[in-house]
Amino acid sequence: MNELFSALSRALSPYYTEMSIMLMATILVVYGDIINGHVKRILAPYHFIIRISLFVVLCAFGYGALTLYGAPFLKHVLAYVPWQYQGSAYIASFMLIGFLAERRRYI
């Protein structure tokens, strides 16, 4: 069984950076509406132009920064998993996000 996990990790290891970006993007897709809801409540009393400007800043820079800095953080966290299980940890992470999306009735 360890050979299977090691082979999976060996096959996926060149793609851990890209998989971390994909994982972060998936998290933002599933939970972005919650972030937008909080921002909408905070910005509600402000003028229309200010709301639009801050929403554009949030989408362009906020989500971009979360992706840019969150993906290496996810890679760093998953690096704590023993090497032979890292490939399956990435797959399990995607499955967990899919399960959480299903629970939120997002799928």
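Run the accessible area of the chain with a 1.4 Å probe and give the carbon-and-sulfur part as a rounded percent.
C and S atoms contribute 73 percent here.
How fast does the chain diffuse by Stokes-Einstein, in µm²/s, taking the Kirkwood radius from C-alpha pairs at 25 °C and 0.890 mPa s?
Working: Rh = 15.6 Å.
Answer from the Stokes-Einstein relation: 157 µm²/s.
Given a 10 angstrom Cα cut-off, can you work out which residue in G64, G37, G87 is the most mobile in a GNM of the chain?
G37
What whole-number distance in Å separates the alpha-carbon centres of segment 48-107 and segment 1-39?
What the calculation gives is 7 Å, centre to centre.
Top to bottom by accessible area (1.4 Å), largest first, where do V30, V81 land? Numbers along the way, then the final one.
Details: V30 5, V81 40 Å².
So the residues, ranked largest to smallest area, are V81, V30.
Choose one answer from S93, S53, S13: the residue with the largest mean-square fluctuation in a GNM of the chain with alpha-carbon springs under 10 Å.
Maximum among the listed residues: S53.
The values are calculated or read from the model by the stated rules, or taken from the named source; none is laboratory data. From a predicted model like this one, the values you see are computed outputs, not experimental measurements. Remember, those area values only see protein heavy atoms, side chains included, never the ligands or the DNA or RNA. Shrake-Rupley method; radii C 1.70, N 1.55, O 1.52, S 1.80 Å.
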